[in-house]
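First the structure, in the form of structure tokens, and then the observations on it.
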Amino acid sequence: MRSIGELARDSGLGVSALRFYDRAGVLVPAWVDPLSGYRWYDAEQLDEARLLARLRGAGMPLADIRLVLAGWSGQDTDLVRQLLAAHLRRLERTLSDARVEFSAVRALLERRENPMTSSSAPAAARLAVPAPELAAALDAVRFAVSTDPELPMLGGVLFDIEDAALRVVATDRYRMAVAQAAAAGHDGPRTQVVVPSPLADAMRALLNDGGSVRLTVDGDRVTLEAGDRQAAGRRLDHDFPDYRRLVRVPAGRRALVDVAALRAAVEAGPVRASEVRDQDGVSFDIVVLSLAGDGTVRVVADGDGGAEARTDTGDVAVNRDFLLHALAAGARDRLILEFGAPTAPVAIRRPDAEDTLSLLMPVRLED
């Protein structure tokens, strides 16, 4: 017989997913130790687990999966084929409907004029920025830059120049980071430019000596000068999302956390192995955070009441690596964690500069 850990390793399903499928009556272990509660599976259940992983990857509902597994174990291949064909037809209808809606959205976009996200060349801008502030701002957002080749508009850092401030922004859809540096010398219109990540990294390398640096945007070219050194290149010729709209999240409950303690708890605490593959095709570990009534944040074990209990108490699940990156980018001993609904982003803010923040999209736990 296989232990639950061995079945998880060989099937591609997480241990927590196997526990869920047991509770749901989809894949019930052959034997459960009455003393320890540990689950054991027959050898033939490995094929069922692998099939289950494939079906869930294809988005088949659990009700249909139960029937497929029943037909599989009973060698009723006609039933299995009919269920697979029916699900494929549903997917094709859904895709067809989505194509229609996307065509309508594209038509709306073509008629809509939005200078805030226009890909036309930005107005010229010249401004002076304190090197330490710009360095800190880039450090606070760099982790959130996308590497997805399908979304080139997110493969850089947005420089948003307005009045006496330079805001830098990065997002990969699943997280967003915003930071700000003081600016002087710019008295023109608001100017936005997306700096490709290699150029942003080259700029960051010039910011270790302190003092003031000069940032120039001239058409498609962006230049940062630090003394007799400079980093220059072309901006990304793509639209960037209106981040101001995206950071308007409802206020939630707040907790001031000790970063070192929370980081240690996240690194050593329980995780839920993800079986979703919707973050650029990469699987990841999930941590569930709970904000207690006394204002403390703890990492919730997978067995603490299940997904339904977490939803009721307002606990939230996030990508563990993303959380660790955000805590490191916060660059403070203490940070503010702001929790809204389980479906709302988690905001991570600096106590001394709340405009510098990271947003982490929650992960849906219900299977």
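For the reader, a short list of remarks on this structure follows.
- Residues in region 147-166 that are touching a residue at least 40 places away in the same chain (Cβ under 8 Å) and closer than 25 Å to L324 by Cβ: T147, D148, L154, G155, G156, V157, L158.
- Residues (without any contact (Cβ under 8 Å) to a residue 60 or more places away in the chain, outside any helix (DSSP H, G or I) and either out of contact with any Asp or Glu (no Cβ under 8 Å at 6 or more places or on another chain) or closer than 24 Å to L91 by Cβ (or both)) located in region 13-40: G25, V26, L27, W31, V32, D33, P34, L35, S36, G37, Y38
For every residue, the table says whether it meets (1) in contact with a Lys or Arg (Cβ under 9 Å, 6 or more places away or on another chain); (2) crowded, with 19+ Cβ neighbours inside 10 Å; (3) of a type outside the set (A, V, I, L, M, F, W, C).
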| site | (1), (2), (3) |
| --- | --- |
| A135 | yes, yes, no |
| D139 | yes, no, yes |
| E150 | no, no, yes |
| V157 | yes, yes, no |
| I161 | yes, yes, no |
| A165 | no, no, no |
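- Single residue of region 282-314 satisfying the filter (at pLDDT below 80, farther than 15 Å from P342 by Cα and among the hydrophobic types (A, V, I, L, M, F, W, C)) that is surrounded by the most Cβ atoms within 10 Å (Cβ to Cβ): A301
- Within region 168-188, restricting attention to residues that are within 19 Å of R214 (Cβ to Cβ) and without any contact (Cβ under 8 Å) to a residue 40 or more places away in the chain, the residue that is surrounded by the most Cβ atoms within 10 Å (Cβ to Cβ) is V168.
- Lone unmet requirement of (1) touching an Asp or Glu at 6+ places or on another chain (Cβ under 8 Å); (2) at pLDDT 95 or above for A226: (2)
The values are calculated or read from the model by the stated rules, or taken from the named source; none is laboratory data. Note that the structure is a prediction, hence the values are computed from the model and not measured. FYI the Cβ positions are ideal-geometry reconstructions off the backbone, even for glycines, and counts take in every protein chain you see.
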